[in-house]
Amino acid sequence: MCGIIGILGEKSVAPLLVEGLKRLEYRGYDSAGIATLANGHIQRCRAEGKLINLEKKLRSAPLEGTTGIGHTRWATHGRPTENNAHPHATDRVAVVHNGIIENYASLKEELEGLQCRFETETDTEVIAHLVTHCLRQGMGPQEAAHAALNRLEGAFSVALVFAGEHDLLIGARQGTPLAVGYGDGEMYVASDSYALAPLTSRISFLEDGDRVTVRRAGVTVYGRDGSEQKRPVRITAQSGATTGKGEYRHFMLKEIHEQPAVIGDTLNSLINPATGAVSVSPEALAALEKAPRLTLVACGTAFYACMVAKYWFETLARMPCEIDIASEFRYREAPMPAGGVALFVSQSGETLDTLEALRYCKKNGQKVMSIVNTIESTIERESDIVLHTLAGPEIGVASTKAFTTQLVTLLCLALALAARRGGAAERPGQNIVDSLRHLPAQLSGLLKEIEPQIQDIARDIFESVHMLYIGRGLLYPVALEGALKLKEISYIHAEGYAAGELKHGPIALIDEHMPLVVLAPENDPLFEKTASNLQENVARGARVLLITDKKGEARLKGFARWIVRMNDVHPALAPLIYTIPVQLLAYYVAVTKGTDVDQPRNLAKAVTVE
C-alpha cells in the first residue's frame, strides 16, 4: 500500500525523493510528502492527492538538504488530508511509516499524559512522539528509535531521520517490506527495490524484526534481540528504466494490450519450443506428485486465478484441491495434511494476508510454493519453490496482464503434473499445449477485432447503476473477475455469479435496467445449461451482453442485445480468452464515465496491511 523511500545523498535530495515516489505510485496512494534536513533542522512538504500536487508545492517552496525521507500514503487511520500525510514530525525526528500500529490508542493516551500534543488523526504520529520522548530522556537517536520500536505492536516498516544528524537514517521492518540500497557514497532505503532501481543495483532485503542503522559509509542491521545481523547484498534484477504509457492513454490499456507478448514470454519459459513438452520445476512436480492435497491461497484477482486452477488441477491432473481467500484462511485454523503442498499466488509478492497464510502453512508442515510477478519479493524469499510470471511491471492498480500470466502458469503446472502422472489425461493435455502455443497470436488478433465494438457497448451501458456477470465451470471465476474489474475502476456495482445460482435469489434483481453479461462459448460442456439460464433472465427483462463464439452467436443471437464474438478455442483455455473482453469492457466504461482508471479511489496495488 504505502510507499517509503529514504536517501542519504551527496546532492539535493528532494528531486530524488519525488522520483522514487513516482516509481511507487503503482502501489496506490491518496497523499504524499517528503522531509529533508537543512542546517540541522527538519523541513517538510506534504500534499493531498497526486504527486503532481506535491511537485507544485515544492516548485514554489523548495526543500534543501542532502538527507531526506518520502512517503506515498494510502489512508488507514485518518482521512486522506494534507495534515494526515506523512512524514510526521516533531522538532527532533521525522518518520514515514507503512502498516498499522495496533496499540497506537494506548500509546497515544500515555503520551498525551506526558504533555505530547497530537495534531493528526493517524497512528503514525505516535512513533514520532514516542521517539522524541525517548530522546528527551537522554537517549541517543539509535537507542531512542529502538526503545520506541520495541513498544510498537502490529505490522509496519518505518524510516526515521533526526534533526542535526545529517549522516543517519534508521529503518525497521516488522511484517511489511523494507530494502536497503548501497550506492557510491550514498545509501538508500525503500519499501520496494523498484523505487531504487535508477539509483543502485546493490540491494539487501531486511527480514522481519530487523532494525537498520544507515550511514553513508554503510549499514548495521540488528535483530529483535539487539544482536548484529548479516543480510546479503545482491545485484537486483529490477530495471532502472522508466515505465511509460507509450501510445496509450492509461497504463491499464497498455497492459491489456501487452498480454499477447507477456503470455508468450511466460509460455516460452514453460514450454519447450522444439518438443512442445511442458517444463516446470522438477522439485515442484515431485512435491505435487506425492501430496495428498493442494491448497491454493490468494486475494482478489489472484484468488479468481486459483478458482480457475482448481478446475484444471482436478480435471486434468486429478489432484484434490482446496482454495481459500488468504484473509480468512489462517483464522479458521485449517488442519493441514501431512505431506501437503500449499500454493500462494500474488502479483506483488508482498500482500500481507497472503504472506501470513504462507507462514501458517509453513508452520504446519506444508511444502510452500508461490507464483509471483514481482521479483525479489517477500513471498518469493519465504517460499520453498517459486514460479515467476513474466508480466513485467504492472502499474495499473486493477490487475490485467498479471492475472492472465498467473492463469498460464497455473495451467502449465497442472498440465505438467497430468503428464507426470500419465494415463488418460496425457493426450488431452497435449491438445491443450498445442492450443496454448497459438494463444499469443490469437489474442493479438482478438484485441484488434473486439476493441472498437466494446467501446460502442460501453457508451450504451456506462450510466447503469448495477450489472451482473454470469458463467459456468471455468468461466464462473471469469464472471467474478469481470464484475470486480468493473467495480474497481468504474464504481458501478457489479456481481458475478455461477449462472445456475441466479434463480436462487439474484434473479429478483433482474429488470429492463439491469445489463447482464453472459460468458457462454458453444463448445463449453455446460453451454446448454448456461443458455437456459440466459433465457430465464431475458424473460424477466434483462438486457444481455453475450460473449460467445460463432456457433453460440447463431444459437442465441435472438436473446441478446449486444454480442461480442470470440475466436474458437479449446474449452480449457476459455478463461484466458474470455478475460480479455471483460477487461476491455471495464476499461471503456470507466473511461466513458471519466474515472481515474489507473489509480481508482480507495485502492492500492500492494496490500501490505490486514
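Observations on the model:
- Of all residue pairs spaced 6 or more apart or on separate chains, those with beta-carbon atoms under 8 Å, a first member in region 52-74 that is touching a residue at least 40 places away in the same chain (Cβ under 8 Å) and a second member that is of a type in the set (Lys, Arg) are Leu63/Arg44; Thr66/Lys11; Thr72/Arg27; Trp74/Arg27.
- Condition check for Lys487 on (1) open to solvent by 20 Å² or more (accessible area, probe 1.4 Å); (2) under 19 Å from His250 (Cβ atoms); (3) under 26 Å from the mean Cα position of the chain (by Cα); (4) touching a residue at least 40 places away in the same chain (Cβ under 8 Å): one failure, at (4).
- Within region 32-64, the residues that satisfy the criterion of being open to solvent by 60 Å² or more (accessible area, probe 1.4 Å) and in a strand (DSSP E or B) are His41, Arg44, Glu48.
- Members of region 2-32 found to be out of contact with any Asp or Glu (no Cβ under 6 Å at 6 or more places or on another chain) and either of a type in the set (Ser, Thr, Tyr) or on the phi > 0 side of the Ramachandran plot (or both), listed by number: Ser12, Tyr26, Gly28, Tyr29
- Residue within region 287-294 that is within 19 Å of Leu475 (Cα to Cα) and either without any contact (Cβ under 8 Å) to a residue 40 or more places away in the chain or open to solvent by less than 60 Å² (accessible area, probe 1.4 Å) (or both) present: no
- Hits in region 28-46 (condition: touching a strand residue (DSSP E or B) at 6+ places or on another chain (Cβ under 6 Å) and either of a type in the set (Gly, Ala, Ser) or within 16 Å of Ala197 (Cα to Cα) (or both)): Ser31, Ala32, Gly33, Ala35
- When the residues of region 68-87 are filtered to those that are of a type in the set (Val, Ile, Thr) and farther than 19 Å from Leu168 by Cβ, the one that is surrounded by the most Cβ atoms within 10 Å (Cβ to Cβ) is Thr72.
- Which numbered condition Gly558 misses (of (1) in a loop (DSSP other than H, G, I, E, B); (2) closer than 23 Å to Ala458 by Cα; (3) open to solvent by 50 Å² or more (accessible area, probe 1.4 Å)): (1)
- Of the helices (runs of 4 or more DSSP H) lying entirely inside region 322-434, those containing at least 2 residues that are touching a residue at least 60 places away in the same chain (Cβ under 8 Å) and open to solvent by 10 Å² or more (accessible area, probe 1.4 Å) are 352-363, 401-421.
- Number of the condition not met by Ser532 [criteria: (1) surrounded by fewer than 16 Cβ atoms within 10 Å (Cβ to Cβ); (2) more than 15 Å from Ile470 (Cα to Cα); (3) at pLDDT 85 or above]: (2)
- Residue, modelled with the lowest pLDDT, within region 68-99, restricted to residues that are under 23 Å from Arg216 (Cα atoms) and under 23 Å from the mean Cα position of the chain (by Cα): His97
- Test: residue in region 438-451 that is surrounded by fewer than 21 Cβ atoms within 10 Å (Cβ to Cβ), more than 27 Å from the chain's Cα centre (by Cα) and modelled with pLDDT of 95 or more: yes
- Residue in region 176-194 that is closer than 17 Å to His86 by Cα and modelled with pLDDT of 95 or more present: yes
- Selected residue (criterion: modelled with the lowest pLDDT) from residues of region 267-292 that are farther than 30 Å from Gly365 by Cα and β-branched (Val, Ile, Thr): Thr275
- Members of region 453-479 that are assigned to a helix (DSSP H, G or I), more than 17 Å from Thr548 (Cα to Cα) and either open to solvent by less than 10 Å² (accessible area, probe 1.4 Å) or not acidic (Asp, Glu) (or both): Gln455, Ala458, Arg459, Ile461
- Criterion: more than 26 Å from Asn373 (Cα to Cα), in contact with an Asp or Glu (Cβ under 9 Å, 6 or more places away or on another chain) and modelled with pLDDT under 90 - qualifying residue of Arg224, Arg216, Arg234: Arg224
- Complete set of residues in region 502-529 that are assigned to a helix (DSSP H, G or I), among the hydrophobic types (A, V, I, L, M, F, W, C) and closer than 25 Å to Lys551 by Cβ: Leu502, Phe527
- Filtered residues of region 139-191 (kept if of a type in the set (D, E, K, R) and more than 24 Å from Thr354 (Cα to Cα)): Glu143, Arg151, Glu165, Asp167, Asp184, Glu186
- Whichever residue in region 65-91 is charged (D, E, K, R) and part of a loop (DSSP other than H, G, I, E, B) and, among such residues, is nearest to Leu21 (Cα to Cα): Glu82
- Ala309 over 25 Å from Asp192 (Cβ atoms), without any contact (Cβ under 8 Å) to a residue 12 or more places away in the chain and among the aliphatic types (A, V, I, L, M): no
- Count - residues of region 110-124 that are open to solvent by 10 Å² or more (accessible area, probe 1.4 Å) and under 17 Å from Leu149 (Cα atoms): 1
- Look at region 458-474: where a residue is in contact (Cβ under 8 Å) with a residue 60 or more places away in the chain and at positive phi and a partner is open to solvent by 20 Å² or more (accessible area, probe 1.4 Å) and in a loop (DSSP other than H, G, I, E, B), sitting 6+ places away or on another chain with Cβ atoms under 8 Å, you get Gly473/Asp524; Gly473/Pro525; Gly473/Leu526.
- Test result for Gly423, of a type in the set (Gly, Ala, Ser), under 30 Å from Arg601 (Cβ atoms) and at pLDDT below 90: no
- Boolean, Leu21 is touching a Cys at 6+ places or on another chain (Cβ under 7 Å) and either buried (at least 18 other Cβ atoms within 10 Å of the Cβ) or farther than 24 Å from Glu153 by Cβ (or both): no
- Considering only residues in region 490-518 that are of a type in the set (A, V, I, L, M, F, W, C) and more than 28 Å from Ala402 (Cβ to Cβ), the one that is surrounded by the most Cβ atoms within 10 Å (Cβ to Cβ) turns out to be Leu502.
The values are calculated or read from the model by the stated rules, or taken from the named source; none is laboratory data. Because the structure is a prediction, the values reported are computed rather than measured. For neighbour counting, all protein chains shown are included, and Cβ atoms are generated from backbone atoms with ideal geometry for every residue, glycine included. Areas reflect the complete protein model, heavy atoms only, side chains present, ligands, DNA and RNA absent. Shrake-Rupley method; radii C 1.70, N 1.55, O 1.52, S 1.80 Å.
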